[in-house]
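Engineer: This is the structure, below, for whatever I ask next.
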Amino acid sequence: MKLGIITGHVVATRKDDNLIGAKLLIVQPILPDQTPAGQPIIAVDTVGAGVGETIIYAIGSVASRAAQQPNAPVDAAIVGIVDSIDCAKPGGV
């Protein structure tokens, strides 16, 4: 799992039938110190996250298991909303 911040949402009127009703959010991957870590991605929201929240997301085949539709073409899914991060070293490494 990885950390990210929700920066926006995506509306797609035409999409795979297995994604109908799914909330799509733009996630900026971050390090534990909240610095950006790579390019933004689009993820399916499974927990009711909103813009500005720090979240935990899964990528790859495990992400599709978190989606409501197991056959949905999902490679990133938001699986948790972070309350706090406690990290001993800058950058979290």
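Engineer: In segment 34-76, how many are among the β-branched types (Val, Ile, Thr) and either over 21 Å from Thr7 (Cα atoms) or part of a loop (DSSP other than H, G, I, E, B) (or both)?
Structural biologist: Qualifying residue count, segment 34-76: 6.
Engineer: Continuing with this model, one more query. Please state which of the following conditions Ala67 fails to meet, knowing it meets all the rest: (1) at pLDDT 85 or above; (2) closer than 24 Å to Asn18 by Cα.
Structural biologist: (1) is the only condition that Ala67 fails.
Engineer: Determine the pairs where a residue that is on the phi > 0 side of the Ramachandran plot, located within segment 26-54, has a partner that is open to solvent by less than 50 Å² (accessible area, probe 1.4 Å) with Cβ atoms under 6 Å apart, the partner being 6 or more residues away or on another chain.
Structural biologist: Correct list of pairs: Gly38/Pro29.
Engineer: If I filter segment 38-53 down to residues being hydrophobic (A, V, I, L, M, F, W, C) and crowded, with 16+ Cβ neighbours inside 10 Å, which single residue comes out as farthest from Lys15 (Cα to Cα)?
Structural biologist: Ala49
Engineer: So which residues in segment 1-33 are in a strand (DSSP E or B), within 20 Å of Ser84 (Cβ to Cβ) and open to solvent by 90 Å² or more (accessible area, probe 1.4 Å), if there are any at all?
Structural biologist: Answer for segment 1-33, where residues must be in a strand (DSSP E or B), within 20 Å of Ser84 (Cβ to Cβ) and open to solvent by 90 Å² or more (accessible area, probe 1.4 Å): just Lys2.
Engineer: Counting only residues that are of a type in the set (Asp, Glu) and modelled with pLDDT of 90 or more, which one in segment 70-93 is least open to solvent (accessible area, probe 1.4 Å)?
Structural biologist: Asp75
The values are calculated or read from the model by the stated rules, or taken from the named source; none is laboratory data. Source: prediction; values computed, not measured. Counting neighbours? That spans all protein chains shown, and the Cβs are built from the backbone with ideal geometry, glycine included. Only protein heavy atoms, including side chains, enter the accessible area calculation; ligands, DNA and RNA are left aside. Shrake-Rupley method; radii C 1.70, N 1.55, O 1.52, S 1.80 Å.
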